[in-house]
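Engineer: Here it is, the structure in full.
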Amino acid sequence: MTGRVLTAAAMLLLLVAACPSPEPADEPDRREGTDAGDCADGADNDSDGLFDCEDEGCAGAPDCTGDDDDAADDDDAGDDDDAGDDDDAVPVCEPDDAEDNDTMKTATPANPGTTEGLTACPGDADWYEISGAGADDLTVTTLSNAADGDIDLRLLEADGTEVRVGAEVKDGDTLEYRLLADGSVFLEVLLGEEEDALPGAAYDLEVVVTPSGSTPCVEDGLEENDDLATATTFAIPSLVAAQSCELDDDWFVFNIAQSQAVFFDLQFSHAEGNLDLFLYDETGTLIVDALSTTDNEFLNEYFMRTGDYYLRVSLTADAGLALGNSYTLEASVP
(Lines give C-alpha, C1' and ligand atoms only; values in the text may rest on other atoms or scores of the structure.)
Protein backbone atom coordinates (compact mmCIF):
# COMPACT_ATOMS: atom_id res chain seq x y z
CA MET A 1 0.00 0.00 0.00
CA THR A 2 2.70 2.30 0.98
CA GLY A 3 4.55 1.53 -2.17
CA ARG A 4 1.54 2.48 -4.30
CA VAL A 5 1.19 5.84 -2.57
CA LEU A 6 4.84 6.64 -3.17
CA THR A 7 4.57 5.64 -6.76
CA ALA A 8 1.53 7.90 -7.29
CA ALA A 9 3.28 10.82 -5.64
CA ALA A 10 6.32 10.34 -7.80
CA MET A 11 4.23 10.28 -10.95
CA LEU A 12 2.46 13.51 -9.87
CA LEU A 13 5.79 15.22 -9.38
CA LEU A 14 6.89 14.13 -12.82
CA LEU A 15 3.71 15.56 -14.37
CA VAL A 16 4.14 18.91 -12.62
CA ALA A 17 7.75 19.19 -13.70
CA ALA A 18 6.85 18.37 -17.28
CA CYS A 19 4.24 21.14 -17.58
CA PRO A 20 5.70 24.55 -18.67
CA SER A 21 5.26 27.46 -16.28
CA PRO A 22 2.84 30.17 -17.54
CA GLU A 23 4.67 33.30 -18.92
CA PRO A 24 3.80 36.70 -17.45
CA ALA A 25 1.47 38.89 -19.51
CA ASP A 26 3.20 41.39 -21.82
CA GLU A 27 3.26 45.02 -20.59
CA PRO A 28 2.00 47.59 -23.10
CA ASP A 29 4.82 49.39 -25.12
CA ARG A 30 6.26 52.41 -23.24
CA ARG A 31 6.61 55.44 -25.54
CA GLU A 32 8.65 58.58 -24.79
CA GLY A 33 6.43 61.63 -24.51
CA THR A 34 3.23 59.88 -23.44
CA ASP A 35 3.46 61.00 -19.83
CA ALA A 36 3.79 64.56 -18.58
CA GLY A 37 7.39 65.60 -18.13
CA ASP A 38 8.79 62.76 -20.30
CA CYS A 39 10.51 65.13 -22.67
CA ALA A 40 12.38 67.09 -20.03
CA ASP A 41 13.25 64.54 -17.32
CA GLY A 42 16.66 63.52 -18.70
CA ALA A 43 15.62 59.86 -18.85
CA ASP A 44 15.28 57.29 -21.63
CA ASN A 45 11.73 56.31 -20.72
CA ASP A 46 11.20 53.81 -23.55
CA SER A 47 14.73 52.34 -23.40
CA ASP A 48 15.47 52.95 -27.08
CA GLY A 49 18.74 54.82 -26.45
CA LEU A 50 17.26 58.26 -27.17
CA PHE A 51 16.65 60.84 -24.45
CA ASP A 52 13.95 63.49 -24.22
CA CYS A 53 13.80 65.71 -27.37
CA GLU A 54 16.11 63.33 -29.26
CA ASP A 55 13.29 60.77 -29.29
CA GLU A 56 10.72 61.09 -32.05
CA GLY A 57 8.01 60.61 -29.46
CA CYS A 58 8.77 64.12 -28.21
CA ALA A 59 8.44 65.75 -31.61
CA GLY A 60 6.12 68.72 -31.25
CA ALA A 61 6.19 68.62 -27.45
CA PRO A 62 6.24 72.12 -25.86
CA ASP A 63 9.56 71.36 -24.17
CA CYS A 64 11.14 70.64 -27.56
CA THR A 65 9.70 73.26 -29.93
CA GLY A 66 11.61 76.28 -28.55
CA ASP A 67 11.29 79.14 -31.12
CA ASP A 68 10.45 78.35 -34.72
CA ASP A 69 11.78 81.62 -36.07
CA ASP A 70 14.24 79.95 -38.45
CA ALA A 71 13.12 82.28 -41.20
CA ALA A 72 12.54 86.00 -40.92
CA ASP A 73 8.88 85.53 -40.02
CA ASP A 74 6.71 82.58 -39.04
CA ASP A 75 3.28 84.21 -38.99
CA ASP A 76 1.90 82.10 -41.82
CA ALA A 77 2.47 78.85 -39.92
CA GLY A 78 1.53 80.13 -36.52
CA ASP A 79 4.19 80.82 -33.92
CA ASP A 80 5.25 80.01 -30.45
CA ASP A 81 5.20 83.42 -28.77
CA ASP A 82 2.92 84.04 -25.85
CA ALA A 83 1.95 87.38 -27.32
CA GLY A 84 0.78 85.80 -30.56
CA ASP A 85 3.60 87.00 -32.80
CA ASP A 86 7.24 86.31 -33.52
CA ASP A 87 8.75 88.92 -31.23
CA ASP A 88 12.19 87.37 -31.51
CA ALA A 89 12.49 88.21 -35.23
CA VAL A 90 14.98 91.03 -35.98
CA PRO A 91 13.63 93.83 -38.24
CA VAL A 92 15.66 94.46 -41.39
CA CYS A 93 16.05 97.43 -43.75
CA GLU A 94 14.55 96.50 -47.10
CA PRO A 95 16.54 97.75 -50.14
CA ASP A 96 14.78 99.96 -52.69
CA ASP A 97 14.52 99.52 -56.47
CA ALA A 98 17.59 101.73 -57.09
CA GLU A 99 19.95 99.14 -55.59
CA ASP A 100 22.65 98.02 -56.04
CA ASN A 101 24.04 101.61 -56.06
CA ASP A 102 26.51 101.43 -53.19
CA THR A 103 29.51 103.05 -54.95
CA MET A 104 30.25 105.78 -57.50
CA LYS A 105 30.87 103.07 -60.12
CA THR A 106 27.41 101.59 -59.58
CA ALA A 107 25.61 104.94 -59.23
CA THR A 108 22.00 105.06 -60.41
CA PRO A 109 21.24 107.79 -63.00
CA ALA A 110 19.08 110.52 -61.44
CA ASN A 111 17.13 112.54 -63.99
CA PRO A 112 15.48 115.90 -63.26
CA GLY A 113 12.28 115.39 -61.30
CA THR A 114 11.28 113.54 -58.14
CA THR A 115 12.00 109.87 -57.46
CA GLU A 116 9.80 108.49 -54.71
CA GLY A 117 9.96 105.44 -52.47
CA LEU A 118 13.70 105.30 -51.82
CA THR A 119 15.29 103.93 -48.64
CA ALA A 120 18.54 104.82 -46.88
CA CYS A 121 19.78 101.80 -44.91
CA PRO A 122 22.37 101.92 -42.11
CA GLY A 123 25.93 101.69 -43.42
CA ASP A 124 24.72 101.42 -47.04
CA ALA A 125 25.31 104.61 -49.06
CA ASP A 126 23.11 105.36 -52.07
CA TRP A 127 24.93 106.88 -55.07
CA TYR A 128 23.33 108.77 -57.95
CA GLU A 129 24.81 110.18 -61.17
CA ILE A 130 23.47 113.57 -62.31
CA SER A 131 24.39 114.88 -65.75
CA GLY A 132 24.27 118.37 -67.22
CA ALA A 133 26.06 121.02 -69.23
CA GLY A 134 28.73 123.39 -68.03
CA ALA A 135 27.33 126.32 -65.99
CA ASP A 136 24.00 124.54 -65.44
CA ASP A 137 22.67 125.15 -61.93
CA LEU A 138 21.89 122.04 -59.89
CA THR A 139 19.60 121.79 -56.85
CA VAL A 140 19.21 118.48 -55.01
CA THR A 141 16.81 117.94 -52.12
CA THR A 142 15.87 114.87 -50.11
CA LEU A 143 12.38 114.77 -48.63
CA SER A 144 12.07 112.51 -45.60
CA ASN A 145 10.60 112.18 -42.12
CA ALA A 146 13.09 113.47 -39.56
CA ALA A 147 11.61 111.05 -37.01
CA ASP A 148 12.96 108.11 -39.08
CA GLY A 149 16.57 109.31 -39.19
CA ASP A 150 18.98 111.99 -40.34
CA ILE A 151 19.83 111.80 -44.06
CA ASP A 152 23.07 113.46 -45.22
CA LEU A 153 24.14 114.54 -48.72
CA ARG A 154 27.53 114.91 -50.43
CA LEU A 155 28.21 115.99 -54.01
CA LEU A 156 31.42 114.98 -55.79
CA GLU A 157 33.01 115.64 -59.15
CA ALA A 158 33.86 112.61 -61.29
CA ASP A 159 37.45 112.60 -59.96
CA GLY A 160 36.16 112.18 -56.40
CA THR A 161 36.61 115.80 -55.31
CA GLU A 162 33.96 116.81 -52.79
CA VAL A 163 32.34 120.08 -53.92
CA ARG A 164 29.23 120.38 -51.74
CA VAL A 165 27.79 119.05 -48.48
CA GLY A 166 24.05 119.15 -47.90
CA ALA A 167 22.49 121.68 -45.56
CA GLU A 168 19.79 120.48 -43.20
CA VAL A 169 16.28 121.68 -43.86
CA LYS A 170 12.99 120.59 -42.34
CA ASP A 171 12.55 116.87 -43.08
CA GLY A 172 15.55 116.55 -45.39
CA ASP A 173 18.80 117.92 -46.81
CA THR A 174 19.50 120.22 -49.75
CA LEU A 175 22.48 121.44 -51.76
CA GLU A 176 23.14 123.70 -54.74
CA TYR A 177 25.96 123.63 -57.26
CA ARG A 178 26.94 125.05 -60.64
CA LEU A 179 28.41 122.47 -62.99
CA LEU A 180 31.93 123.40 -64.02
CA ALA A 181 31.82 121.55 -67.36
CA ASP A 182 29.67 119.23 -69.44
CA GLY A 183 29.42 115.82 -67.81
CA SER A 184 28.33 114.21 -64.58
CA VAL A 185 28.57 114.80 -60.86
CA PHE A 186 27.87 112.17 -58.21
CA LEU A 187 25.53 112.42 -55.24
CA GLU A 188 25.98 110.32 -52.09
CA VAL A 189 22.95 109.84 -49.83
CA LEU A 190 23.81 108.42 -46.42
CA LEU A 191 21.76 107.68 -43.31
CA GLY A 192 23.70 109.60 -40.70
CA GLU A 193 21.77 108.77 -37.54
CA GLU A 194 18.84 106.51 -36.70
CA GLU A 195 16.00 108.12 -34.78
CA ASP A 196 13.62 105.18 -34.24
CA ALA A 197 13.82 101.43 -33.58
CA LEU A 198 13.20 100.44 -37.19
CA PRO A 199 16.33 100.35 -39.36
CA GLY A 200 16.51 102.68 -42.36
CA ALA A 201 14.69 105.84 -43.43
CA ALA A 202 12.43 106.38 -46.42
CA TYR A 203 13.04 109.41 -48.64
CA ASP A 204 12.18 111.02 -51.98
CA LEU A 205 14.91 112.53 -54.16
CA GLU A 206 14.24 115.79 -56.01
CA VAL A 207 16.67 116.92 -58.73
CA VAL A 208 16.38 120.29 -60.47
CA VAL A 209 18.77 121.27 -63.30
CA THR A 210 18.48 124.88 -64.48
CA PRO A 211 20.13 125.45 -67.87
CA SER A 212 22.96 127.99 -68.12
CA GLY A 213 21.91 131.55 -68.88
CA SER A 214 18.38 131.23 -67.52
CA THR A 215 19.34 133.30 -64.44
CA PRO A 216 21.47 136.17 -65.82
CA CYS A 217 23.88 138.16 -63.68
CA VAL A 218 22.26 141.45 -62.69
CA GLU A 219 24.71 144.35 -62.79
CA ASP A 220 24.82 146.88 -59.97
CA GLY A 221 24.26 150.64 -60.19
CA LEU A 222 28.00 151.37 -60.32
CA GLU A 223 28.37 150.19 -63.92
CA GLU A 224 29.99 150.85 -66.25
CA ASN A 225 33.23 150.59 -64.24
CA ASP A 226 34.89 147.83 -66.22
CA ASP A 227 38.41 149.27 -66.61
CA LEU A 228 40.89 151.86 -65.38
CA ALA A 229 39.35 154.67 -67.43
CA THR A 230 35.79 154.12 -66.13
CA ALA A 231 36.66 153.35 -62.49
CA THR A 232 34.13 154.34 -59.81
CA THR A 233 35.37 156.98 -57.32
CA PHE A 234 35.95 155.46 -53.91
CA ALA A 235 36.58 157.64 -50.85
CA ILE A 236 38.93 156.81 -47.98
CA PRO A 237 37.36 155.76 -45.64
CA SER A 238 34.11 154.38 -47.12
CA LEU A 239 31.97 151.26 -47.69
CA VAL A 240 30.29 150.21 -50.91
CA ALA A 241 27.97 147.30 -51.77
CA ALA A 242 28.19 145.91 -55.29
CA GLN A 243 27.65 142.94 -57.61
CA SER A 244 30.41 141.23 -59.59
CA CYS A 245 29.64 139.36 -62.83
CA GLU A 246 31.93 136.89 -64.56
CA LEU A 247 34.22 138.46 -67.21
CA ASP A 248 33.11 141.90 -65.98
CA ASP A 249 35.62 143.31 -63.45
CA ASP A 250 34.76 146.21 -61.16
CA TRP A 251 37.30 149.07 -60.90
CA PHE A 252 37.52 151.71 -58.18
CA VAL A 253 39.76 154.79 -57.95
CA PHE A 254 40.74 156.54 -54.71
CA ASN A 255 43.09 159.37 -53.81
CA ILE A 256 45.83 159.38 -51.17
CA ALA A 257 46.43 162.96 -49.96
CA GLN A 258 49.12 162.11 -47.40
CA SER A 259 51.27 159.18 -46.39
CA GLN A 260 49.08 156.73 -44.50
CA ALA A 261 48.09 153.12 -44.00
CA VAL A 262 44.77 151.88 -45.40
CA PHE A 263 43.03 148.57 -44.71
CA PHE A 264 40.84 147.14 -47.51
CA ASP A 265 38.23 144.51 -46.62
CA LEU A 266 36.37 142.62 -49.38
CA GLN A 267 33.49 140.57 -47.89
CA PHE A 268 31.69 137.82 -49.89
CA SER A 269 30.59 134.17 -49.81
CA HIS A 270 33.02 131.90 -51.65
CA ALA A 271 30.22 129.35 -52.15
CA GLU A 272 28.59 131.81 -54.57
CA GLY A 273 31.81 132.44 -56.48
CA ASN A 274 35.43 133.30 -55.87
CA LEU A 275 36.41 136.99 -55.80
CA ASP A 276 39.98 138.34 -55.88
CA LEU A 277 41.22 141.83 -55.00
CA PHE A 278 44.01 143.77 -56.78
CA LEU A 279 45.73 147.12 -55.97
CA TYR A 280 47.36 149.24 -58.71
CA ASP A 281 49.26 152.54 -58.82
CA GLU A 282 48.23 155.50 -61.02
CA THR A 283 49.97 153.99 -64.07
CA GLY A 284 48.06 150.70 -63.79
CA THR A 285 51.03 148.78 -62.40
CA LEU A 286 50.09 146.04 -59.97
CA ILE A 287 51.26 146.68 -56.40
CA VAL A 288 49.74 143.77 -54.47
CA ASP A 289 46.87 141.31 -54.68
CA ALA A 290 44.76 139.00 -52.48
CA LEU A 291 44.04 135.62 -54.14
CA SER A 292 42.72 133.19 -51.52
CA THR A 293 40.09 130.55 -52.30
CA THR A 294 37.98 131.14 -49.19
CA ASP A 295 35.46 133.71 -48.05
CA ASN A 296 36.69 137.33 -48.13
CA GLU A 297 39.95 139.03 -49.14
CA PHE A 298 42.09 141.60 -47.28
CA LEU A 299 44.82 144.10 -48.16
CA ASN A 300 46.74 146.23 -45.69
CA GLU A 301 48.92 148.80 -47.48
CA TYR A 302 51.01 151.77 -46.35
CA PHE A 303 51.07 154.49 -49.01
CA MET A 304 54.22 156.62 -49.10
CA ARG A 305 53.29 158.64 -52.16
CA THR A 306 50.23 160.78 -52.68
CA GLY A 307 48.08 160.49 -55.78
CA ASP A 308 45.47 158.21 -57.33
CA TYR A 309 45.38 154.45 -56.86
CA TYR A 310 43.07 151.75 -58.18
CA LEU A 311 41.31 148.66 -56.83
CA ARG A 312 39.99 145.86 -59.04
CA VAL A 313 37.45 143.25 -57.91
CA SER A 314 37.33 140.20 -60.18
CA LEU A 315 34.97 137.19 -60.16
CA THR A 316 37.37 134.41 -61.14
CA ALA A 317 35.07 131.40 -60.64
CA ASP A 318 31.28 131.64 -60.53
CA ALA A 319 29.28 129.20 -58.38
CA GLY A 320 25.96 128.92 -56.61
CA LEU A 321 22.57 129.28 -58.28
CA ALA A 322 22.42 132.93 -59.35
CA LEU A 323 25.05 134.14 -61.79
CA GLY A 324 27.54 136.57 -60.27
CA ASN A 325 28.34 137.28 -56.64
CA SER A 326 27.48 140.16 -54.35
CA TYR A 327 30.07 141.78 -52.08
CA THR A 328 30.95 144.72 -49.90
CA LEU A 329 34.22 146.65 -50.17
CA GLU A 330 35.35 148.77 -47.24
CA ALA A 331 38.39 151.02 -46.88
CA SER A 332 39.37 152.11 -43.38
CA VAL A 333 42.24 154.03 -41.83
CA PRO A 334 43.77 152.39 -38.72
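Engineer: Return yes when Tyr309 is touching a residue at least 24 places away in the same chain (Cβ under 8 Å), closer than 18 Å to Asp248 by Cα and over 45 Å from the mean Cα position of the chain (by Cα) and no when it is not.
Structural biologist: On the way: touching a residue at least 24 places away in the same chain (Cβ under 8 Å): yes; closer than 18 Å to Asp248 by Cα: no; over 45 Å from the mean Cα position of the chain (by Cα): yes.
Taking the combined requirement at face value, the residue does not satisfy it.
Engineer: Which residue out of Leu179, Leu118 is surrounded by 17 or more Cβ atoms within 10 Å (Cβ to Cβ) and either more than 25 Å from Val92 (Cα to Cα) or without any contact (Cβ under 8 Å) to a residue 24 or more places away in the chain (or both)? Break it down stepwise before answering.
Structural biologist: Numbers: Leu118 fails: either more than 25 Å from Val92 (Cα to Cα) or without any contact (Cβ under 8 Å) to a residue 24 or more places away in the chain (or both).
Of the residues listed, the single one that is surrounded by 17 or more Cβ atoms within 10 Å (Cβ to Cβ) and either more than 25 Å from Val92 (Cα to Cα) or without any contact (Cβ under 8 Å) to a residue 24 or more places away in the chain (or both) is Leu179.
Engineer: Of everything in the range 35-55 that's among the charged types (D, E, K, R) and more than 54 Å from the chain's Cα centre (by Cα), which residue is least open to solvent (accessible area, probe 1.4 Å)?
Structural biologist: Checked the range 35-55; the qualifying residue least open to solvent (accessible area, probe 1.4 Å) is Asp38.
Engineer: Scan the range 154-175 for residues that are under 17 Å from Ala319 (Cβ atoms) and either in contact with a strand residue (DSSP E or B) (Cβ under 8 Å, 6 or more places away or on another chain) or assigned to a strand (DSSP E or B) (or both) and jot them down. Full working, then the answer.
Structural biologist: Let us first name the residues in the range 154-175 that are under 17 Å from Ala319 (Cβ atoms), namely 154-157, 161-167, 174-175.
Arg154, Leu155, Leu156, Glu157, Glu162, Val163, Arg164, Val165, Gly166, Ala167, Thr174, Leu175 - these are the residues of the range 154-175 that are under 17 Å from Ala319 (Cβ atoms) and either in contact with a strand residue (DSSP E or B) (Cβ under 8 Å, 6 or more places away or on another chain) or assigned to a strand (DSSP E or B) (or both).
Engineer: Please go through the range 133-148 and give me each residue that is out of contact with any Phe, Trp or Tyr (no Cβ under 9 Å at 6 or more places or on another chain) and either open to solvent by 30 Å² or more (accessible area, probe 1.4 Å) or on the phi > 0 side of the Ramachandran plot (or both), ordered by number.
Structural biologist: Those that are out of contact with any Phe, Trp or Tyr (no Cβ under 9 Å at 6 or more places or on another chain) and either open to solvent by 30 Å² or more (accessible area, probe 1.4 Å) or on the phi > 0 side of the Ramachandran plot (or both): Ala133, Ala135, Ala146, Ala147.
Engineer: What pairs come out if I take residues in the range 21-47 that are more than 19 Å from Cys64 (Cα to Cα) and pair them with residues that are modelled with pLDDT of 80 or more and open to solvent by less than 80 Å² (accessible area, probe 1.4 Å) whose C-beta lies under 9 Å away, six or more apart or interchain?
Structural biologist: Cβ pairs passing all conditions: Asp29/Asp46; Arg30/Asn45; Arg30/Asp46.
Engineer: Tell me, please, whether a residue that is open to solvent by less than 30 Å² (accessible area, probe 1.4 Å), in contact with a Leu (Cβ under 6 Å, 6 or more places away or on another chain), farther than 30 Å from Phe298 by Cβ and assigned to a strand (DSSP E or B) can be found in the range 208-222.
Structural biologist: No.
Engineer: Condition test on Ala158, is it of a type in the set (A, V, I, L, M) and either surrounded by 14 or more Cβ atoms within 10 Å (Cβ to Cβ) or more than 29 Å from Gly273 (Cβ to Cβ) (or both)?
Structural biologist: Here the answer is no, as Ala158 does not meet what is asked.
Engineer: What number of residues within the range 121-164 satisfy the criterion of being charged (D, E, K, R), in contact (Cβ under 8 Å) with a residue 12 or more places away in the chain and farther than 12 Å from Arg178 by Cα? Please lay out each step first, then the result.
Structural biologist: Taking the range 121-164 and keeping what is charged (D, E, K, R), we get 124, 126, 129, 136-137, 148, 150, 152, 154, 157, 159, 162, 164.
Add one more test, that the residue is in contact (Cβ under 8 Å) with a residue 12 or more places away in the chain, and what stays is 124, 126, 129, 136-137, 148, 150, 152, 154, 157, 164.
Among the residues that remain, those that are also farther than 12 Å from Arg178 by Cα are: 124, 126, 129, 148, 150, 152, 154.
Final tally of qualifying residues: 7.
Engineer: Separate question: Just to check your reading of the model, which residue among Asp97, Asp126 is of a type in the set (Asp, Glu) and surrounded by 15 or more Cβ atoms within 10 Å (Cβ to Cβ)?
Structural biologist: That would be Asp126, the only listed residue that is of a type in the set (Asp, Glu) and surrounded by 15 or more Cβ atoms within 10 Å (Cβ to Cβ).
Engineer: Taking the options Asn300, Asn296, Asn255, name whichever one is within 46 Å of the chain's Cα centre (by Cα) and over 30 Å from Arg178 (Cα atoms).
Structural biologist: One residue alone meets the criteria, Asn300.
Engineer: Consider the range 140-179. How many of its residues are acidic (Asp, Glu) and within 26 Å of Leu198 (Cβ to Cβ)?
Structural biologist: 6
The values are calculated or read from the model by the stated rules, or taken from the named source; none is laboratory data. None of the values given here were measured: they were computed from a predicted structure. Don't worry about glycine lacking a Cβ; one is built from the backbone with ideal geometry, like all the others, and counts go over all protein chains shown. When the accessible area is computed, the model is the full protein with side chains, heavy atoms only, and any ligands, DNA or RNA have been set aside. Shrake-Rupley method; radii C 1.70, N 1.55, O 1.52, S 1.80 Å.
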